[in-house]
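**Student:** Take this structure, written in structure tokens, and hold onto it; I'll ask about it next.
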Amino acid sequence: MKRMRVRQALGAEAGMEGMTLCGWVRTKRDSKGFSFLEVNDGSCLKNIQVIVDADVPGYELMPEINTGASVKVVGNLVESPGKGQTWEVQATVIELIGAADPETFPLQKKRHSDEFLRSIAHLRPRSNKYGAITRIRSELSYAIHAFFRDRGFYYIHSPIITGSDCEGAGEMFTVSGFDFANLPRKNGQVDFSQDFFGKRASLTVSGQLSAENMATALGDVYTFGPTFRAENSNTPRHAAEFWMLEPEMAFADLSDDMDLGEECIKYLINHVREHCKDDLDLFGRFVDKSLFATLDSIVDNDFVRLPYGEAIEILKKATQKFEYPVEFGLDLQTEHERYLTEIHFKKPVAVFDYPKEIKAFYMRMNDDNRTVAAVDILVPRIGELIGGSQREERLDVLDARIKELGLNIDEYWWYRDLRKFGTVPHAGFGMGFERMLMLVTGVTNIRDVISFPRTVSHLEF
Ligand code: 4AD
Ligand code: MG
């Protein structure tokens, strides 16, 4: 079926005859001798208005053409006398493809609560808000590729099944071919040597280690794909399955890393503002009235670059009471991150040089032997959007760190090889893709920027 998208029709330069449109009915109004349909096909936020005269073939089915039904319309694109639209369709044929029972179709009202829509995740893409989110998500993915391609980075695909725990936090889901009713055991422990891979395997928490591998051959690379965390954090910012963007640059240090992160965030915001105007407007009007002011201030200002030690001093002097303690050596919590970005500086802040105890084994040791070359880029409303670092490229220092943390050095043989053979300073970061989407749309719950969220105690479909 050759069909025209609503998006194309609404953007047409001139009228047209004999076009075909398909979509879902959003509303119907019956008048004497004709009916008005508002039809949406997901190609854009706007509906197209269709006028169906009573003598049009198919009109007899109008009682069944209700909100939610799918229809095919053949007709002519004509200038619309109505306000707020340039074009409308004068139908010559109307065809009902699939009816939707008005008694049971759940999306009848114009606005539903986020909670209700989450409970019908299979239908919520047909609402304005989730249609818009999905289109912005698609455009933002494209923008990521455009940004890195322009800068000479290669897109690599890091594996999803892995044998190593990149972050060393043990928050991994096990991947197994075992029959769980019949687990092979040895000395009281599950014997993973008999499992599919001959050892314990997991879903990856980050593609970084593979990215380091490839960056130390191709120079600048990025991976962008799903990552998984079995952390029991039931917050509006954590999902068990989320997408992460991870660039990795050879011959680069922490300062290059912060430059890239800042440039990337600004580019992505600008891109979405330019290419998703209608969809983004919806969020500026109905979700967060201060959205555009926030986005402007991120794009127009230099990010603050603040050593972790100074961040702790600022937080200690804050008059605001925090739930979690502030002390050198403790990790920053979302409330602290939001204080820095929303109240103290009123813009994004790159906090760097964290105490080694609270960061992963691979981060480059600073000369003070106490902090590592790590950076978290914090943004208003979200807190941590990016976590990155310069990597430890000195074999002896890396080995000492692996031993100090009690990790099994044999498992890192290939990672150590990268330091043995032509080692180079290199750096990279991970950006939570859903958190970036939350930032550009003002949506406050991660469950509402992923089509099918996977969170603690929640797995639908
Ligand atoms: O700070 P994280 O844990 O860093 C890493 O995994 C590094 N290996 C990345 C790298 O250097 N290549 O995670 C990076 C980002 C966080 O800043 C956050 O935005 C997002 O990933 N993130 C999550 N997003 C949603 N749900 C979760 N459970 C997340 N955990 C991390
Ligand atoms: Mg982090």
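**Student:** Any idea how many residues of the stretch 340-373 are near ligand 1 (Cβ under 9 Å from one of its atoms) and touching a Gly at 6+ places or on another chain (Cβ under 7 Å)?
**Tutor:** 1
**Student:** If you don't mind, another one. Scan Leu395, Leu439 and give me the residue that is touching a Lys or Arg at 6+ places or on another chain (Cβ under 6 Å), at pLDDT 95 or above, more than 15 Å from ligand 2 (Cβ to nearest atom) and more than 21 Å from Asp220 (Cβ to Cβ).
**Tutor:** Leu395
**Student:** Name the helices (runs of 4 or more DSSP H) wholly within the stretch 344-461 that hold at least 2 residues that are touching a residue at least 24 places away in the same chain (Cβ under 8 Å), surrounded by 15 or more Cβ atoms within 10 Å (Cβ to Cβ) and aliphatic (A, V, I, L, M)?
**Tutor:** Counting at least 2 such residues, we get 395-404, 433-441.
**Student:** Just checking, how many residues over the stretch 224-235 are within 13 Å of the chain's Cα centre (by Cα) and more than 16 Å from ligand 2 (Cβ to nearest atom)?
**Tutor:** Of the residues in the stretch 224-235, 3 are within 13 Å of the chain's Cα centre (by Cα) and more than 16 Å from ligand 2 (Cβ to nearest atom).
**Student:** Only one of (1) more than 16 Å from ligand 2 (Cβ to nearest atom); (2) farther than 27 Å from Ala252 by Cα is not met by Leu218, so which one is it?
**Tutor:** Every condition holds for Leu218 apart from (2).
**Student:** In addition: Could you give every pair whose Cβ atoms fall below 6 Å, whose first residue belongs to the stretch 1-28 and is under 21 Å from Gly82 (Cα atoms), and whose second residue is of a type in the set (Lys, Arg) and surrounded by fewer than 19 Cβ atoms within 10 Å (Cβ to Cβ), counting only separations of at least 6 or pairs across chains?
**Tutor:** Matching pairs, first to second residue: Leu10/Lys46.
The values are calculated or read from the model by the stated rules, or taken from the named source; none is laboratory data. Every value quoted in this text rests on a predicted model; they were computed, and no experiment measured them. Virtual Cβ from ideal backbone geometry, glycine too; neighbours counted across all protein chains shown.
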